[in-house]
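The structure under discussion appears below in the form of C-alpha cells.
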C-alpha cells in the first residue's frame, strides 16, 4: 500500500510543553482522513510538522515516501495547504495570491482557479486583508485545489464559517477530492464535518494519537450494546477490558465498547441474556467516551 | 501547467511587500547626492563659481560626509528583508509550499544586496559625473573607484548585520532596535561602560588601558568603519568588513535553516539571542546602578562626613559590585514576579 503520509514516533516540544508525542501515523493514498481532538490537542502542531514548517524534536515525517523536512521544498510539490488563518502580506490582492501559487506549483490549473473563484464570487482585485474569514478560506481553498494536489492538508477549514458556507465548502471539497483521487487530511473539532466527509479518522489528545483507523473498521470494532441479563446471572461487565463504560437503567445495562466488539458480543450471547441489542454508536458519543476515558477536563468542569 | 520557479516567486513576493521600504532606503541613500546636485545647480544659476566647484569636488573627496546616511540606508535594506514577515507573520505560509528554506533566505539576501549595490553604484556614478561635468574633478579615476569599492564592502557589512539582526528577532520593533544597536551602538555602549568605570576608579585603573579599550571599541560597530575615515581607508579594515560580511551571511543562512517558526511574534526568535540581550541589559544596569551608588557614597564620604580623600579602592570596588549586584538581583526578581503574575492571570 502507498502511504501518502507516514510519521514515525513523531514528537515536538514547544517551550517545555510536549505538544506532540510519539505519533506514528499512516494515511493511505486516496484516503480522506479526519483528524479530531479537543482544543490544544496538538492538531495544528502535527499539521505543521507534516508540512515541514516546524522541525520535530524526534521522529520523522514522510510525504509519499520523501522526508517532509526537505531543504529544496520538493517534497511539498503536490501538497496543497489551507491554513486555519490564511495570512498574506497586507497589500496582497486575490490576484497576487493566485500569482504566488501559479509561480510555485508545477501543476497549477488556471482554469480551475478561475472557476472556483467565480463560484465563490471572489473579486480578483480585492485586498485579501479586506475579505471576511470565510472568503479568505475560499481563496485559500480555490488556490490549493487549483494546484491539483496529490495531498491536500486543511487545518480546521470550516472553523468560523456559517452553516451554509460550511456545507457548501465541504461539498465542494469532497467533490474535487473525489474527482482527482486526492488524499485529504483535515483537522477539525466538529464531528459533524468529519462524519460527513471522512473515511479515516484519527483522534489526537494531549499530543498523543489515541486512535487512527478507517471509519469502517471503527464501526466494526465499536458498539453500543443494550443488554438485560437473566436475574442472578449478571456478570461484572465493567471489569471487561473492551468495555469503556457501563450505564444502568434498572435492569438494562448500556455498554460502550471501544474495541473487539465481536468478542464482547460472543460473551454476552454465551450468558443467554433476556434481551440484547447492539447498535452503531454516534461518532460524537464515541468521541466523548474516548475523551472521558482520558480524563479530559476543562478547568473545574469534568465530563460527567 | 504553472511555471515552477521559486526564485522568481520569492523575489516577486519580496518585491511586493518590501518595495516601500526599499524606495525609502534608496531615497535616504541618494539624499546627499541629490541635495548636492541641486545645490550645484543653484550655485551655477547664481553664478557662484568657486562655491559650486568646492561642493562638486567634495562629492568624491569627502565620502565620510555620506557615510551616516548610507549606513542608515544599508541598515534599512537589511532590516526590510524580515520586517514585514514579522509584522504579518506570513512566513510559515511560504514555507508550507514547495520552497526550500535556503532558497528563501538566499533570495531575500540577494534581492536586498543587489538593490543596495545598484543604488550605491548609481549614486557614485552620478556624483562623479556631476564633478566631471563641472570640470572640477581632480581626485583622479582610481580615487573614486577606490571610494566606490570601499563603500561597497562597508555597506555590505552593514547590510549583512542588519539582515542577521532582522532574522534573529521575531517582531518588527525588536528588529529595528537590535539592528540599530548592533550597527551603531555597540562601540558607544562599551565606551560608556568603560568611561564610567574608568572615571570612578581613575586613581586605580591605568588610564591608557581605558583609553585603548575605548579606541578598540570602535572596531566593533560596523558603522564606525564608514563614519571614521581612518578606519575606512585602511586596507585591513576592508578585509575585516569583507570577512564580517561573509560570516554574517553564513550565520544568516545557517540560522534560517534552524529558524524556530513556532516562536514567531516573540522579541527574539532564538533563545540565546534573548539571553544575550538580557545579559547586555544586566551589565548596563549593574554598571549604572553600581556607579550611581558609589558616587552617592563618595559624596556622603567627602561632603557629609568630611573626609578629604576617597575611600580605599578595595572598599569602592566592593561597594560598586554590591550595589550593582543588588540592583540586578532586584530587577531580575521583579521581572520574574511580573512574568509569573502575567501568566497566572491568563
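The values are calculated or read from the model by the stated rules, or taken from the named source; none is laboratory data. These numbers come from a predicted model, not from an experiment. Methodologically, a virtual Cβ is constructed for each residue, glycine included, from the backbone with ideal geometry; neighbour enumeration extends over all protein chains shown.
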Checklist entry - Checking residue B:259 against (1) part of a loop (DSSP other than H, G, I, E, B); (2) under 16 Å from the mean Cα position of the chain (by Cα), which single condition isn't satisfied? => result (2)
Checklist outcome for this item: Every listed condition ((1) more than 10 Å from chain B (Cβ to nearest Cβ); (2) closer than 28 Å to residue A:131 by Cα; (3) assigned to a loop (DSSP other than H, G, I, E, B)) holds for residue A:56 save (2)
Item to check | Count of residues meeting criterion [in contact with a helix residue (DSSP H, G or I) (Cβ under 8 Å, 6 or more places away or on another chain) and more than 7 Å from chain B (Cβ to nearest Cβ)] in the range A:102-114 | outcome: 4
Next on the checklist: It is to be established whether one or more residues within the range B:299-311 are in a helix (DSSP H, G or I), surrounded by 14 or more Cβ atoms within 10 Å (Cβ to Cβ) and within 14 Å of another protein chain (Cβ to nearest Cβ).
Outcome noted: no
Item to check | Residues that are outside any helix (DSSP H, G or I) and either within 13 Å of the chain's Cα centre (by Cα) or loosely packed, with under 14 Cβ neighbours inside 10 Å (or both), drawn from the range B:211-254 | outcome: B:221
Checklist entry - Can you spot a residue in the range B:96-118 that is touching a strand residue (DSSP E or B) at 6+ places or on another chain (Cβ under 6 Å) and closer than 30 Å to residue A:106 by Cβ? => result yes
Checklist entry - Of the numbered conditions (1) more than 14 Å from chain B (Cβ to nearest Cβ); (2) at pLDDT 85 or above; (3) closer than 23 Å to residue A:33 by Cα, residue A:164 satisfies every one except a single condition; which is it? => result (2)
Next on the checklist: Can you find a residue that is part of a strand (DSSP E or B), more than 19 Å from residue B:96 (Cβ to Cβ), over 17 Å from the mean Cα position of the chain (by Cα) and not assigned by TED's automatic domain parsing to the domain that holds residue A:286 anywhere in the range A:24-43?
Outcome noted: no
Item to check | Filter result for residue B:92 (farther than 29 Å from residue B:154 by Cβ, assigned to a helix (DSSP H, G or I) and either within 12 Å of chain A (Cβ to nearest Cβ) or modelled with pLDDT of 95 or more (or both)) | outcome: yes
Checklist entry - Any idea which residue in the range A:75-101 is nearest to the other protein chains (Cβ to nearest Cβ), counting only those that are surrounded by fewer than 21 Cβ atoms within 10 Å (Cβ to Cβ) and within 17 Å of residue A:52 (Cα to Cα)? => result A:78
Checklist entry - Before we move on, is residue A:49 more than 8 Å from chain B (Cβ to nearest Cβ), under 20 Å from the mean Cα position of the chain (by Cα), surrounded by fewer than 18 Cβ atoms within 10 Å (Cβ to Cβ) and closer than 19 Å to residue A:184 by Cβ? => result no
Checklist entry - Do the conditions hold for residue A:70, that is, is it assigned to a loop (DSSP other than H, G, I, E, B), more than 8 Å from chain B (Cβ to nearest Cβ) and at pLDDT below 90? => result no
Checklist outcome for this item: Residue count, the range B:1-55, condition within 14 Å of chain A (Cβ to nearest Cβ) and either surrounded by 14 or more Cβ atoms within 10 Å (Cβ to Cβ) or at pLDDT below 90 (or both), comes to 19
Next on the checklist: Scan the range A:88-100 and tell me whether some residue there is closer than 27 Å to residue A:198 by Cα and in contact with a helix residue (DSSP H, G or I) (Cβ under 6 Å, 6 or more places away or on another chain).
Outcome noted: no
Checklist entry - Which condition breaks for residue A:36 when tested against (1) without any contact (Cβ under 8 Å) to a residue 12 or more places away in the chain; (2) more than 9 Å from every other protein chain (Cβ to nearest Cβ)? => result (1)
Checklist entry - Before we move on, is residue A:10 buried (at least 17 other Cβ atoms within 10 Å of the Cβ) and within 12 Å of chain B (Cβ to nearest Cβ)? => result no
